[in-house]
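Beneath this line is the structure, given in structure tokens, with notes to follow.
Just so you know, all these numbers are worked out from the coordinates, no wet-lab data involved. What you see is a predicted model, and the numbers here were worked out from it, not measured in a lab. Cβ placement follows ideal geometry from the backbone for every residue including glycine, while neighbour counts extend to all protein chains displayed.
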């Protein structure tokens, strides 16, 4: 990877015919060493979308790659609330897929919207409940003091 990036004519942001970048592919597969090298490259677009709207963080979260998610979230130029073409955020995907460790990591970033719905109105909590991921559901539920009971004022 380092040898390739040392070539003048290599663009690490260049997508393939499907819009997939080297960073996105490495994030999807969980190749932490490659992700680290690419993130250290000057001019890397660490939040570039694929044709379907998913960005590297989305794919790392979907596949449960905690180390890659951590590396990406350490960057200010990565939007943890970026939605794919269905409106799904990385948190939504991690909740749906049952990746509790990834959910914890994403929730650790202070600019994450844990209630951001997809385009069908489904929130990460909805997906965790639907898929019976009790640990994730517990992480996403609001604290007891902020809950309201329907019909009670």
Exercise for review: Please report 115, 46, 129 as a ranked list, fewest other C-beta atoms within 10 angstrom at the top and most at the bottom.
Suggested key: 115, 129, 46
Revision key, fill the gap. Expected unfolding gain across residue 3-residue 141 under the 0.36 nm per residue rule, minus the alpha-carbon gap, is 45.0 nm
Exercise for review: Could you line up 99, 42 from fewest to most neighbouring Cβ atoms inside 10 Å?
Suggested key: 42, 99
Check your understanding: To the nearest Å, what is the center-to-center distance of segment 84-106 and segment 1-67, using C-alpha atoms only?
Key -> 19
Point to revise | Stretch gain in nm, segment residue 42-residue 14, where the contour uses 0.36 nm per residue and the Cα spacing is subtracted | key: 8.7 nm
Practice item. Give me the distance in nm between label points sitting 7 Å out from Cα along the Cα-to-Cβ direction at residue 33 and residue 109, one decimal. Key: 2.6
Revision key, fill the gap. Expressed in nanometres to one decimal, the distance between label points 7 Å along Cα→Cβ at residue 132 and residue 81 is 3.3
**Study point:** Stokes-Einstein translational diffusion, the chain - Kirkwood Rh over all Cα pairs, 1.306 mPa s, 10 °C, in µm²/s
**Key:** 98
Practice item. Just rank 68, 10, 112, fewest to most, by other beta-carbon atoms within 10 angstrom. Key: 10, 112, 68
